[in-house]
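J.: Structure incoming, see below.
The values are calculated or read from the model by the stated rules, or taken from the named source; none is laboratory data. Keep in mind it's a predicted model, so treat the numbers as computed, not measured. Counting neighbours? That spans all protein chains shown, and the Cβs are built from the backbone with ideal geometry, glycine included. Ligands, DNA and RNA are stripped out before the accessible areas are found, and what is left, the full protein with its side chains, is counted by its heavy atoms. Shrake-Rupley method; radii C 1.70, N 1.55, O 1.52, S 1.80 Å.
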Amino acid sequence: MYPQTRLRRLRYNATLRQMVSETSLSANDFVQPLFVVYGENKKNSIKSMPGQFQLSVENLVAECKELAQIGVKSVLLFGIPEHKDEHGHVACQHNGIVQEGIRAIKKELPEMYIIADVCNCEYTTHGHCGTIFDGDVDNDLTLVTLAMQSVSLAEAGADMIAPSDMMDGRVDAIRTALDDAGFLKIPIMSYSAKYASGFYGPFRDAAESAPQFGDRKTYQMDPANSDEAMREIEQDILEGADIVMVKPALSYLDIIRRTKDDFNIPIAAYSVSGEYSMIKAAAANGWIDEKRIMMEMLTSIKRAGADIIITYFAKDAVLQLKSQN
Ligand code: PBG
């Protein structure tokens, strides 16, 4: 108790502050999401996400080279196909846009760890995350295309499969399909607790994946719920998920912490497009210190319990870590 105890004693010296620091970020923590678009020589800037682009395959490879050089070791790929269809079958094709992207990266950079997002929304004409039946996304029909898409991405060379659709039973369906195809060693990182969030707005511009009718509330979670997130996570672990994800990150730090306390499994947190855009916009106005807030936000996600942080700031954060050393 005071005056014997003075907590400030540990704060007066910078070296000591570092010694007692409880959380540190490292380049190993980060995954950079990238958008691969059909066509040649495209580098379309995404208006609502300054610094992020839709990249055609050769530019995707160039970006990965730069990331590797800086020290970012993993990317999460999303695709913008030339044509969409009713069921998202374009996502399951050998020459699908993400499949092409994966092969091109692996050819030049075999070490780059590629995580492939699995979902239908970028590939369906209606923009929903699955097959529509009777005016809503049909769970079990969707499992079929998700499994096909996963196997196709693994065949192209993806190192990890990350389903983001929020269908019930998808981890089991994908695990079974991967194993049947011989991909026993490919882990599944499940977007287990994925909320129906306004923070995905800028991403839907980037991935051209906004639903053309209705919303995603019949499959993504209600932001008010936390007990339910634990049930989602439990189910995914039982179905064979290797890593569970909480998404978005910043408004859901309590969910990350609960997951950390309740389960013994690696946790990923996805700091989504809206989190990125808010910081970028405020910084562009000179209202906040971008680098400082970026690092503070990422530290808070790690402190909450995340092992892996998926963030559009991955490159900038690694550069920042380097400049601090
Ligand atoms: C696809 C998917 C979305 C995001 C990742 N995968 C969008 C959505 O569910 O509408 C959002 C990522 C971001 O906002 O950065 N289902």
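J.: With the condition kept exactly as written, say whether any residue in segment 176-195 is in a helix (DSSP H, G or I), under 19 Å from residue 142 (Cβ atoms), open to solvent by less than 30 Å² (accessible area, probe 1.4 Å) and away from the ligand (no atom under 16 Å from the Cβ).
T.: Scanning segment 176-195 turns up at least one residue that is in a helix (DSSP H, G or I), under 19 Å from residue 142 (Cβ atoms), open to solvent by less than 30 Å² (accessible area, probe 1.4 Å) and away from the ligand (no atom under 16 Å from the Cβ).
J.: Under 9 Å by Cβ, and 6 or more places apart or on different chains, what pairs join a residue from segment 102-125 that is of a type in the set (Phe, Trp, Tyr) and away from the ligand (no atom under 16 Å from the Cβ) with one that is in a strand (DSSP E or B) and open to solvent by less than 10 Å² (accessible area, probe 1.4 Å)?
T.: Note: pairs meeting the criteria are 113/31; 113/75.
J.: When you scan segment 126-138, do you find a residue that is under 16 Å from the mean Cα position of the chain (by Cα), within 15 Å of the ligand (Cβ to nearest atom), outside any strand (DSSP E or B) and within 30 Å of residue 228 (Cα to Cα), even just one?
T.: Yes.
Residue-wise test of (1) surrounded by 15 or more Cβ atoms within 10 Å (Cβ to Cβ); (2) at negative phi; (3) at pLDDT 95 or above; (4) not basic (Lys, Arg).
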position: 10; (1), (2), (3), (4): no, yes, yes, yes
position: 15; (1), (2), (3), (4): no, yes, yes, yes
position: 25; (1), (2), (3), (4): yes, yes, yes, yes
position: 30; (1), (2), (3), (4): yes, yes, yes, yes
position: 36; (1), (2), (3), (4): yes, yes, yes, yes
position: 41; (1), (2), (3), (4): no, no, yes, yes
position: 46; (1), (2), (3), (4): yes, yes, yes, yes
position: 55; (1), (2), (3), (4): yes, yes, yes, yes
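J.: Counting just the residues of segment 165-175 that are open to solvent by less than 60 Å² (accessible area, probe 1.4 Å) and either more than 18 Å from the chain's Cα centre (by Cα) or closer than 12 Å to residue 240 by Cα (or both), which one comes out farthest from the ligand (Cβ to nearest atom)?
T.: Step one: filter segment 165-175 for residues open to solvent by less than 60 Å² (accessible area, probe 1.4 Å), giving 165-167, 169-171, 173-175.
Checking which are either more than 18 Å from the chain's Cα centre (by Cα) or closer than 12 Å to residue 240 by Cα (or both) leaves us with 169-171, 173-175.
On the way: 169: 17, 170: 12, 171: 15, 173: 16, 174: 15, 175: 19 Å.
Top of the filtered list is 175.
J.: Further question on the same structure: Within segment 270-325, track down each residue that is polar (S, T, N, Q) and either touching a Ser or Thr at 6+ places or on another chain (Cβ under 6 Å) or in contact (Cβ under 8 Å) with a residue 60 or more places away in the chain (or both).
T.: Answer for segment 270-325, where residues must be polar (S, T, N, Q) and either touching a Ser or Thr at 6+ places or on another chain (Cβ under 6 Å) or in contact (Cβ under 8 Å) with a residue 60 or more places away in the chain (or both): 271, 273, 277, 299, 311.
J.: Tell me whether segment 222-235 contains one or more residues that are within 15 Å of residue 118 (Cα to Cα) and buried (at least 16 other Cβ atoms within 10 Å of the Cβ). Spell out how you get there, then give the answer.
T.: Narrowing segment 222-235 to residues within 15 Å of residue 118 (Cα to Cα): none.
No - not one qualifying residue is present in segment 222-235.
J.: Now, a different point. Name the residues in segment 266-296 that are hydrophobic (A, V, I, L, M, F, W, C) and open to solvent by 10 Å² or more (accessible area, probe 1.4 Å), would you?
T.: 278, 279, 281, 282, 283, 284, 287, 288, 293, 295
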